[in-house]
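First the structure, in the form of structure tokens, and then the observations on it.
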Amino acid sequence: MIVMSGDVDQLLRQHGLQVTAQRLAIMQAVSSRPHATADELIDDVRAVIGSISRQAVYDTLGVMVDKNLIRRIQPARSAARYEDRVGDNHHHLICRGCGTMFDIDCAVGEAPCLTADDDHGFEIDEAEVIYWGRCPSCRKAAAADEGERAASTGPSGNSKRGRTAGPSKT
Ligand SMILES: [Zn+2]
Ligand SMILES: [Zn+2]
Ligand SMILES: [Zn+2]
């Protein structure tokens, strides 16, 4: 769903929410910065309406998620992100290195898009799908740092000794 700034008013009302300056600002912040964290959104919202408490922003985001106005994405070991693209079953591709996130259309379209081998009698309504990997710039940085996996893609032959043993640095 694409939200034009003029429609936000109506959208809030349609979802049974009173239109307030705070809600408008938060909704617009979510629309203009998909996949932002609450902390990022707070900065945007404060830039528009001045002071607002963190708690107020968190509470409002929670209400909007409950009302299905926005969607919360909760990747493992990282802060929740918010977006206004609701109503489809799209997935997310997240970089393990820098946290960059992309929308990925669901190949099936409807949840649950994965079939369980055994549903144990449940009516399964969701399969949580997140694609994890490393984005091009993180791969490039890692290759430059370590130069040890270059064989798969890069020109081979340069067999450096003394490979770094530790986990990937940040
Ligand atoms: Zn990355
Ligand atoms: Zn998304
Ligand atoms: Zn899917």
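Read-outs: derived from the displayed coordinates by stated rules, not from any lab. Everything numeric in this text was worked out from a predicted model, so none of it was measured. Every residue, glycine as well, gets a Cβ built from its backbone with ideal geometry; the counts of neighbours run over all protein chains shown.
Assorted remarks:
- Set the Cα radius of gyration of the range 88-155 against 2.2 N^0.38 Å, with N its number of residues, and you get 1.56.
- Gln10 versus Ala79: modelled label distance in nm, points set 7 Å from Cα along the beta carbon direction: 3.3
- Length gained when the stretch Val65-Glu110 is fully extended (0.36 nm per residue, less Cα-Cα span): 14.3 nm
- Measure of compaction for the range 3-67 (Cα Rg per 2.2 N^0.38 Å): 1.00
- As a proxy for reagent exposure, ranking His92, His120, His35 by other Cβ atoms within 10 Å from fewest up yields His120, His92, His35.
- Estimated FRET transfer efficiency (Arg72, Ala144; beta-carbon r; R0 41 Å; 0.05): 0.70
- Over the range 49-141, the hull volume per residue, using the convex hull of the C-alpha atoms, is 163 Å³.
- Exposure proxy ranking, count of Cβ atoms within 10 Å, fewest first, for Tyr131, Tyr58, Tyr82: Tyr131, Tyr58, Tyr82
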